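Down below is the structure, laid out as structure tokens.
The values are calculated or read from the model by the stated rules, or taken from the named source; none is laboratory data. Remember, it's a predicted structure, so these values are computed and weren't measured experimentally. Every residue, glycine as well, gets a Cβ built from its backbone with ideal geometry; the counts of neighbours run over all protein chains shown. Side chains are part of the model used for accessible areas, which takes the heavy atoms of the whole protein and leaves out ligands, DNA and RNA. Shrake-Rupley method; radii C 1.70, N 1.55, O 1.52, S 1.80 Å.
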Amino acid sequence: MKRALSHVAYVDDDLDILDIAEIGLKTAGSLNAALIHGPAMALEQLVRAAPDIILLDVMMPGTDGPTLLQAIHRHPLLAKTPVIFMTARVQPREVAHYMALGAIGVISKPFDVMTLADDVRRIWDDWNAGSQPQEQP
Amino acid sequence: MSVPRAPNPLLPGSSLPGPETPQRRRADLENNLFATIVEEAFSEILVFDARTLTLLFANRSARGNLGYDAGEIAALRLVDIKAGYTEARLREAYRPILEGETSRMVAHTIHRRKDGTSYPAEIHSCASIFDGRAVIFQIVLDQTEIKHRQLLAELGAMIERDAAETSASAAFLAALMTRLGRQFRCCAARAHLWNPQSNRLEPAGNWRDEDSGADTDTLPLPAEGPSPRALQRGKTAIQRHAGGEIATTFTIPLMIGETAAAALEFFSRHDLAQALRPELLQALEEQIGRLYERKCNEERVNESRERFDAAVNGAAVGLWDYHYKTGQFYLSPRCREILAIPDDAPSPSWEAFGTRTHPKDVRRTAVAMKAHMLKRTPYDIEYRYRLSEGRYIWVHARARGVWDEAGNIIRTAGTIENISAEKEAEQVQREVLACIAASSDAATKISQALDKVCRYLGLDTALVSHVADGDFTVRYRSTGGGGPAPGTVMPLADTICSDVYSGDVLQAFPDLAHSPVAGHPARARGRIAAYIGTTLFVRGVRFGTLSFIAPRARAPFSEAEISLVRLLARWIGEEIGRAFDVAELIENDARTASKLASAADALLTVDSRGRIEDANPAAAEMFGWAPEQSRGKALAGVLPAMHAFSHPDGRLIPVRLRQDIAIGRDYRRFSVLLNITEIHVGGRSLFTVAISDLTEAKKAEVAKGEFISIVSHELRTPLTSIRGALSLLASETTGALTAEAARLTRIAQRNCERLLRLVNDILAIDKLEAGRFEMSLQPVDLAALLADAVAANTLYAAKYGVRFRLATGPGLPAVIADPERLMQVMANLLSNAAKFTRPGTEVDVIARHAGRTAHISVRDRGPGIPEGLRERIFDKFVQGENVNTRGHEGSGLGLSITRKMVALMNGEISFHSEAGNGTTFTVSLPVAGIDRTANPGDLHEARP
């Protein structure tokens, strides 16, 4: 079912990035965004946010992105929510690795705050269209 | 003289005067008979008048011998016949019978013949009265023949004596020359011996009669000897020579068979024709020839007997001969010597021999003798014979037997030798061999062997030396005796061994004082009086010497002793060689073992069937094996992917730096780096497998990678925020900015980008250098990519007032490249070109292809790359000076990253620069085509 992206959740351990991302997603991107300071309590906040798509930082202390992803996939309410990894590691193999873990896309950090919303939308659209997950520079 | 001839009443046919009466007729008859007898008598009969000494009558024999006929007789006077007598002497000679003192007379005298020759005669005379006259009747016996026979007998006897008294045939010939020469009044004689090689009679000595006066020494003898062919049996040549000093020569040949083995030539000044009757010479020839032949034979026999004796005595072999019937032993002197039986002691009996045999050998000798007697096998046995109480010698007896027709043994004869020396040598050899074969170490073996042989030789000290660089080092020494201890070093020249070593011979000096090396300083210094030594070879190479010395001289070394020293040298050489081999092995083993033990990596020795033969401690640790537990394990158990580097038959394929997975202890899988090499040991093919645990390395790498990642992340994270914030500000999303604020924001943004680029570059170059940079190679539409690149950088170039001009011809093929990285490369080149070209000019981007390669050129119209910079242009942190740039804009890493990236894309980058005329960078990339097997999406771990 193809529908427009409206709700985005971003889990990151960096508050500044979350702030930036918020402005970029909401103000510049006209999306509803839940900025979750994780990884602690991220899962609960995600459940409460009930986003369409989750942006997940990879490098987080304690529970890193991939681990949280597994928890998301196990969670009955979150399992179906697509996840995009936010990471500085964007070598092809790494990307493939993240894809293999179940992410639908990878956005490299530092991301372009101005285009962040569009990039997320594009990944969402592509995913909904059933095409190959793409990485965005 | 003419004498009236009275009628000779003695002649037959004559008759008595007076009337013819019957008595007268009877008397006539008697007279005639008597006359006939006398006339025809064999003996010579002479009648002569005693007073007138005229011949009255000579019978036929006398007339014949004397050479007168009947008529001449009457005119003969006695003195004509009786050689050397005057009438007075004759009368004197006959007076005894004339005066009646005696009736008969026997005398010896010489009669002369009419022809002047003479002959010896034995005269029987008697006197009588006849017809009123005193007459003498003489019966004459010609002694010539008798004399000759006498001479022959005498001569013969003397010759026989000569033969008996001379030992050599040559001496016999000399004696003959003297005797016959004197006998026949010769002045010289010459002996000739036949030379079989030249087939001539050659002079072999002569005799000259010193008593014959004159100058016999210079008497010229005919040069030529008699020709052997001319000499025949029974034809002794007597030659008379007219003129010259030599009047007669005669030659007696000494025939053996039909050939003249020798010849005796005689020379005389006298005419010997008369005295030398051929029959005499012939008889002499026969006798002499016979005697000479016998002499020659005797000589030959003696010679061979001497040779035989010499051989027998020289060989030190005793001869013995046993006659079974008599039970008697014949023992030659040498045999007696060997068996210590005095010459004057009687030959021992068979039993006596038996009692002298060593008890342990009795049975053996008895068995051998029995076999010899019954089965006729040659008797050949070695046994011990008791010389005296408690003292035995080893003897070797060999003999053959003689059997009669009935098959009984008659004799056994043969030889006997003392072989004690050889037996002793054998015994010592066996003992030395036992030493060598003993399982102790080389040093013990060698010392023991040295001791044994030293004792056997009766010398004090034995040394084994190593010679190198002119130094003599004692390696081993016998335990007894004095002399230098092992380890002593001295100059080789100071030792007697120096001779041995350089000459490579065995030298034996039983008495150094009387040897060629008597003057050697070592003799006095070392107090050496006896020495025997030889070169030692170890593994075919000269090593040193083996020598035996003593302070006392000894008997000459026997063959057996010398052989033993040579053998010992060989054994010791072999032993030392073996010790070396072992030492080397041990050393090698130790070194190898230490290498293996200390190796941090696991080292396995694997056979050609993939079974582990050996594992070092690191391997045991890595795979959790107990020592010795590794043997026999399959390599596949620890390297499950082994088939990837094995032949179908299981043999390993040598590999280098291959990453693989190994299964360690507790079944833990871990990354490893493999190195497999093939080695050959003892004819077998083995493999050394070196396994490096990459876990740590990987961990380290991962850690480093993680570090870089973490650092980069840490660096980027704040940058994200800064960048994002600045973006939002600049975009006036959050509100309008004053011009000042806007300008400041732009400044901040610019530098933020620069920082970000720097961080990215650093991360990129690190990855590129570490080989961790992944390229996603795929066919890329070059034209499209270039268009994108130009588009992406146009804004940047516009800042410098630079325009890009893209020229991609039609039919530009796709290239194999990583699109993102290629974009990065183009960005680098384009931005550089924009930076450095003359403001307001254009930068050309030209793409073309040639065969399998596509070339992308970026051409600027700047000042060009300075000479000094060209070599380093691709190096890290190299920046060009550009007055146009406001501050430094680049990190200096651009071109180095670009080059590495291009290389990872299997391409090349080059440049051409002219001062004042710009620079052209060209990137060449492989065209996507038939022989490119890379598939889209393939991940290749690119290596720098």
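Key figures
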quantity	calculated
Qualifying residue in region B:401-422 (condition: open to solvent by 30 Å² or more (accessible area, probe 1.4 Å), within 30 Å of B:PRO491 (Cα to Cα) and in a helix (DSSP H, G or I))	no
Answer residue from region B:17-46, given it is hydrophobic (A, V, I, L, M, F, W, C) and not in a helix (DSSP H, G or I) and is nearest to the chain's Cα centre (by Cα) among those	B:PHE42
Within region B:747-761, tally of residues that are away from chain A (no Cβ under 11 Å) and buried (at least 18 other Cβ atoms within 10 Å of the Cβ)	1
Candidates B:ALA242, B:ALA275, B:ALA260 - the one that is open to solvent by 40 Å² or more (accessible area, probe 1.4 Å), under 30 Å from B:ARG149 (Cβ atoms) and among the small types (Gly, Ala, Ser)	B:ALA275
Answer residue from region A:101-129, given it is in a strand (DSSP E or B) and within 14 Å of chain B (Cβ to nearest Cβ) and is surrounded by the most Cβ atoms within 10 Å (Cβ to Cβ) among those	A:VAL106
Count - residues of region B:320-360 that are part of a loop (DSSP other than H, G, I, E, B), open to solvent by 80 Å² or more (accessible area, probe 1.4 Å) and hydroxyl-bearing (Ser, Thr, Tyr)	1
Criterion violated by B:TYR456 - all others in (1) of a type in the set (Ser, Thr, Tyr); (2) assigned to a helix (DSSP H, G or I); (3) free of Cβ contacts under 8 Å to residues at least 60 places away in the same chain satisfied	(3)
The one condition in (1) touching a helix residue (DSSP H, G or I) at 6+ places or on another chain (Cβ under 7 Å); (2) free of Cβ contacts under 8 Å to residues at least 24 places away in the same chain that B:ALA791 fails to fulfil	(1)
Identity of the residue in region B:168-223, at pLDDT below 85 and among the β-branched types (Val, Ile, Thr), that ends up least open to solvent (accessible area, probe 1.4 Å)	B:THR216
Flag for B:ALA739 being without any contact (Cβ under 8 Å) to a residue 12 or more places away in the chain, more than 13 Å from chain A (Cβ to nearest Cβ) and within 26 Å of B:VAL843 (Cβ to Cβ)	no
Residue, nearest to the other protein chains (Cβ to nearest Cβ), within region A:69-78, restricted to residues that are open to solvent by less than 40 Å² (accessible area, probe 1.4 Å) and not β-branched (Val, Ile, Thr)	A:LEU69
Residue check for A:SER6: over 14 Å from A:ILE84 (Cβ atoms) and away from chain B (no Cβ under 12 Å)	yes
Candidate set: region B:719-732, residues that are more than 7 Å from every other protein chain (Cβ to nearest Cβ) and either open to solvent by 30 Å² or more (accessible area, probe 1.4 Å) or under 11 Å from B:LEU755 (Cα atoms) (or both); chosen: the one nearest to the chain's Cα centre (by Cα)	B:ILE722
Region B:651-666: number of residues that are touching a Gly at 6+ places or on another chain (Cβ under 9 Å), open to solvent by less than 20 Å² (accessible area, probe 1.4 Å) and more than 12 Å from B:THR677 (Cα to Cα)	1
Residue match in region A:14-27 (condition: more than 9 Å from chain B (Cβ to nearest Cβ), farther than 15 Å from A:MET86 by Cβ and touching a strand residue (DSSP E or B) at 6+ places or on another chain (Cβ under 8 Å))	yes
Only listed residue being surrounded by 13 or more Cβ atoms within 10 Å (Cβ to Cβ) and acidic (Asp, Glu), chosen from B:GLU154, B:GLU165, B:GLU101, B:GLU87	B:GLU87
Any pair with Cβ under 7 angstrom, 6 or more apart, that starts in region A:48-68 at a residue that is open to solvent by 20 Å² or more (accessible area, probe 1.4 Å) and ends at one that is at pLDDT below 85	A:MET59/B:HIS713
Odd one out for A:ARG3 among (1) touching a residue at least 12 places away in the same chain (Cβ under 8 Å); (2) within 22 Å of B:PRO718 (Cβ to Cβ)	(2)
Test: A:THR81 is within 13 Å of another protein chain (Cβ to nearest Cβ), open to solvent by less than 60 Å² (accessible area, probe 1.4 Å), in contact with a strand residue (DSSP E or B) (Cβ under 7 Å, 6 or more places away or on another chain) and hydroxyl-bearing (Ser, Thr, Tyr)	no
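Here's the yes/no breakdown for (1) within 14 Å of another protein chain (Cβ to nearest Cβ); (2) part of a helix (DSSP H, G or I); (3) without any contact (Cβ under 8 Å) to a residue 60 or more places away in the chain:
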{"site": "B:LEU603", "(1), (2), (3)": "no, no, no"}
{"site": "B:GLY650", "(1), (2), (3)": "no, no, yes"}
{"site": "B:SER685", "(1), (2), (3)": "no, no, no"}
{"site": "B:LEU715", "(1), (2), (3)": "yes, yes, yes"}
